[in-house]
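Enquirer: Questions regarding the structure given below will be posed in turn.
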Amino acid sequence: MAKIFISEKELITEWLNKYKKECYEDIEALDLVENEIEELPLYFGNSFKMVKELYLSYNNLKYLPETIGNFKSLKMFECCDNKLEKLPEEVGNLKNLEYINISYNKLNELPESISNMESLTSLYCYENNLNSLPSSIGFLTSLEIISVYRNDIKFIPDSIGELSSLRELYLNNNSIDILPESIGYMTSLTLLNVGSNNISDIPESFGNLCELESLLLYENNIGTLPESIGNLSKLNSFDISDNVFNSLPDCLLNLTSLTWLELNDNKNMIEFPKILCKLSTLTYLSIINPSIEEIPDEIRELSQLKELKTVKNNDSNKKNIILF
């Protein structure tokens, strides 16, 4: 099986015209990266039906032809750093697709037809203009990774809870106000990043995320945590910086695997939470907050703690790093 790589910009038009009328079943990979391609011909998907890998990143594509859906054998598709504003519904015909990366474009939405991509395990669509995820996303039950950070997503459909195989979910740097209760049904999740949003409440169902190892809630409007957070026995990394906590709940004592904790810049927190002195598994603690003037001596009872970051002399520009 052949692989084709075109790197000469002046040859790309000539090359595409060459393959205009025939179907080449011996080609399994096409790499057309960084060729300043502005448009793909309509016949493009008809000539290379057996291609398994297609790389179109770093071009000037504004749309994909409908015949993109004819790449029935396609398993990997990269089309980053273009000018795509919309995907054709025909992408849903790519039922063998396992990996897609369409990041750094201008996409406003994903078509509902993506629900037909039954083999998809990895969806990367960060740095676009998405304002929601399609409700049909719940049909992608093979998905293991979704990365849609730095969009303008305001709404997460309840159907996301159907993604029982999902391991990593990146929703950070969006405009999300509310997380659906169904998010707690994704029991295979090991990493969840919902930092830099407008979230104020964490669903009680978070306690069902029994495999969760890393939870990032930084830069939101969260002031309380549900008691069920204490059920996350595998959680080892937790970031709740830049929120509105004034204290921490006792349920954190049940996080017996927690080694890394960040709670910087919670401006309502004017005293060092003494509960932190009882989190015996911590190796790293960062509580950089100019309102906190004193660190209790009990902190030295944390025998596993290797690094403590605080603010010295009530000056936010002076970080006090203590190595134990």
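The values are calculated or read from the model by the stated rules, or taken from the named source; none is laboratory data. Computed from a predicted structure; not experimentally measured. So basically every Cβ, Gly included, is an ideal-geometry build from the backbone, and we count neighbours across all protein chains shown. Areas reflect the complete protein model, heavy atoms only, side chains present, ligands, DNA and RNA absent. Shrake-Rupley method; radii C 1.70, N 1.55, O 1.52, S 1.80 Å.
Enquirer: One residue is enough: does the range 309-317 have a residue meeting the conditions of a type in the set (V, I, T), out of contact with any helix residue (DSSP H, G or I) (no Cβ under 7 Å at 6 or more places or on another chain), at pLDDT below 95 and open to solvent by less than 20 Å² (accessible area, probe 1.4 Å)?
Expert: Yes, the range 309-317 contains a residue that is of a type in the set (V, I, T), out of contact with any helix residue (DSSP H, G or I) (no Cβ under 7 Å at 6 or more places or on another chain), at pLDDT below 95 and open to solvent by less than 20 Å² (accessible area, probe 1.4 Å).
Enquirer: Report, by residue number, each residue of the range 278-302 that is polar (S, T, N, Q) and at pLDDT 95 or above. Outline the logic, then answer.
Expert: Step one: list which residues in the range 278-302 are polar (S, T, N, Q), which gives 280-281, 283, 286, 289, 291.
Result: S280, T281, T283, S286.
Enquirer: Could we say that E90 is more than 24 Å from the chain's Cα centre (by Cα) and open to solvent by 10 Å² or more (accessible area, probe 1.4 Å) here?
Expert: So E90 fits the description; yes.
Enquirer: Return yes or no: is E162 free of Cβ contacts under 8 Å to residues at least 60 places away in the same chain, open to solvent by 10 Å² or more (accessible area, probe 1.4 Å), touching a Gly at 6+ places or on another chain (Cβ under 6 Å) and not basic (K, R)?
Expert: Working: free of Cβ contacts under 8 Å to residues at least 60 places away in the same chain: yes; open to solvent by 10 Å² or more (accessible area, probe 1.4 Å): yes; touching a Gly at 6+ places or on another chain (Cβ under 6 Å): yes; not basic (K, R): yes.
Considered against the rule, which asks whether it is free of Cβ contacts under 8 Å to residues at least 60 places away in the same chain, open to solvent by 10 Å² or more (accessible area, probe 1.4 Å), touching a Gly at 6+ places or on another chain (Cβ under 6 Å) and not basic (K, R), E162 comes out as yes.
Residues are listed down the side, and each one gets a yes or a no for (1) part of a loop (DSSP other than H, G, I, E, B); (2) out of contact with any helix residue (DSSP H, G or I) (no Cβ under 6 Å at 6 or more places or on another chain):
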{"site": "L130", "(1), (2)": "yes, yes"}
{"site": "G138", "(1), (2)": "no, no"}
{"site": "I146", "(1), (2)": "no, yes"}
{"site": "N173", "(1), (2)": "yes, yes"}
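Enquirer: Which of the residues that make up the range 54-111 are in contact (Cβ under 8 Å) with a residue 24 or more places away in the chain and aliphatic (A, V, I, L, M)?
Expert: L54, L56, L61, L64, I68, M76, L87, V91, L94, I100, I102, L110
Enquirer: Let me ask something else about it. Go through the range 6-30 and report how many residues are among the polar types (S, T, N, Q) and at pLDDT 80 or above. So that I can check it myself, show each step before the final result.
Expert: Kept after step one, since they are among the polar types (S, T, N, Q), are these residues of the range 6-30: 7, 13, 17.
Next cut, at pLDDT 80 or above only: none.
Residues that pass the stated criteria total 0.
Enquirer: Hey, another quick one. Out of the range 31-61, which residues are among the hydroxyl-bearing types (S, T, Y), open to solvent by less than 10 Å² (accessible area, probe 1.4 Å) and at pLDDT 85 or above? So that I can check it myself, show each step before the final result.
Expert: Taking the range 31-61 and keeping what is among the hydroxyl-bearing types (S, T, Y), we get 43, 47, 55, 57-58.
Checking the rest, the ones that are also open to solvent by less than 10 Å² (accessible area, probe 1.4 Å) come to 47, 57.
Within the range 31-61, just S57 meets the criteria.
Enquirer: Related question: Could you look through the range 169-179, keep only residues that are of a type outside the set (S, T, N, Q) and closer than 16 Å to D239 by Cα, and pick out the one that is most open to solvent (accessible area, probe 1.4 Å)?
Expert: Initially, the range 169-179 is screened for residues of a type outside the set (S, T, N, Q), giving 169-171, 176-179.
Still in the list and also closer than 16 Å to D239 by Cα: 169-171.
On the way: L169: 0, Y170: 55, L171: 0 Å².
Result: Y170.
Enquirer: Say we look at the range 240-263 and pick out the residues that are in contact with a strand residue (DSSP E or B) (Cβ under 8 Å, 6 or more places away or on another chain) and open to solvent by 20 Å² or more (accessible area, probe 1.4 Å); which of these is nearest to I287 (Cα to Cα)? Don't jump to the end; show me each part of the working.
Expert: Just the residues of the range 240-263 that are in contact with a strand residue (DSSP E or B) (Cβ under 8 Å, 6 or more places away or on another chain), to begin with: 240-241, 255, 258-263.
Narrowing the set further to residues that are open to solvent by 20 Å² or more (accessible area, probe 1.4 Å) leaves 259-260, 262.
On the way: T259: 14, W260: 11, E262: 6 Å.
Here the residue is E262.
Enquirer: Moving on to the next point. Looking at the range 66-80 only, could you name the residues that are open to solvent by less than 10 Å² (accessible area, probe 1.4 Å) and either touching a helix residue (DSSP H, G or I) at 6+ places or on another chain (Cβ under 7 Å) or in a strand (DSSP E or B) (or both)?
Expert: I68, G69, F71, F77
Enquirer: Of the conditions (1) modelled with pLDDT of 90 or more; (2) over 30 Å from N193 (Cα atoms); (3) in contact with a helix residue (DSSP H, G or I) (Cβ under 7 Å, 6 or more places away or on another chain), E112 satisfies every one except a single condition; which number is it?
Expert: Every condition holds for E112 apart from (2).
Enquirer: Residues in the range 180-237 that are crowded, with 20+ Cβ neighbours inside 10 Å, among the hydroxyl-bearing types (S, T, Y) and out of contact with any Asp or Glu (no Cβ under 9 Å at 6 or more places or on another chain): how many?
Expert: Residues in the range 180-237 being crowded, with 20+ Cβ neighbours inside 10 Å, among the hydroxyl-bearing types (S, T, Y) and out of contact with any Asp or Glu (no Cβ under 9 Å at 6 or more places or on another chain): 0 in total.
Enquirer: Let me ask something else. Tell me yes or no: at least one residue of the range 140-148 is open to solvent by less than 10 Å² (accessible area, probe 1.4 Å) and more than 15 Å from the chain's Cα centre (by Cα).
Expert: Going residue by residue through the range 140-148, those that are open to solvent by less than 10 Å² (accessible area, probe 1.4 Å) are 140, 143, 146-148.
Those left that are additionally more than 15 Å from the chain's Cα centre (by Cα): 140.
Within the range 140-148, one or more residues are open to solvent by less than 10 Å² (accessible area, probe 1.4 Å) and more than 15 Å from the chain's Cα centre (by Cα).
Enquirer: Next up: Condition first: open to solvent by 40 Å² or more (accessible area, probe 1.4 Å) and at pLDDT 95 or above. Can you find one or more residues in the range 266-277 that meet it? Even if it seems obvious, please write down each step before you answer.
Expert: The initial filter retains those residues of the range 266-277 that are open to solvent by 40 Å² or more (accessible area, probe 1.4 Å), namely 267-268, 270-271, 274.
Add one more test, that the residue is at pLDDT 95 or above, and what stays is none.
No, the range 266-277 contains no residue that is open to solvent by 40 Å² or more (accessible area, probe 1.4 Å) and at pLDDT 95 or above.
Enquirer: While we're here: Name the residues in the range 215-248 that are within 16 Å of L276 (Cβ to Cβ) and out of contact with any Ser or Thr (no Cβ under 7 Å at 6 or more places or on another chain), would you?
Expert: L225, I229, G230, F238, D239, I240, S241, N243, F245, N246, S247, L248
Okay, residues lined up against (1) touching a residue at least 40 places away in the same chain (Cβ under 8 Å); (2) hydrophobic (A, V, I, L, M, F, W, C); (3) not in a loop (DSSP other than H, G, I, E, B):
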{"residue": "F245", "(1), (2), (3)": "no, yes, no"}
{"residue": "L248", "(1), (2), (3)": "no, yes, no"}
{"residue": "N266", "(1), (2), (3)": "no, no, no"}
{"residue": "E294", "(1), (2), (3)": "no, no, no"}
{"residue": "R300", "(1), (2), (3)": "no, no, yes"}
{"residue": "T310", "(1), (2), (3)": "no, no, yes"}
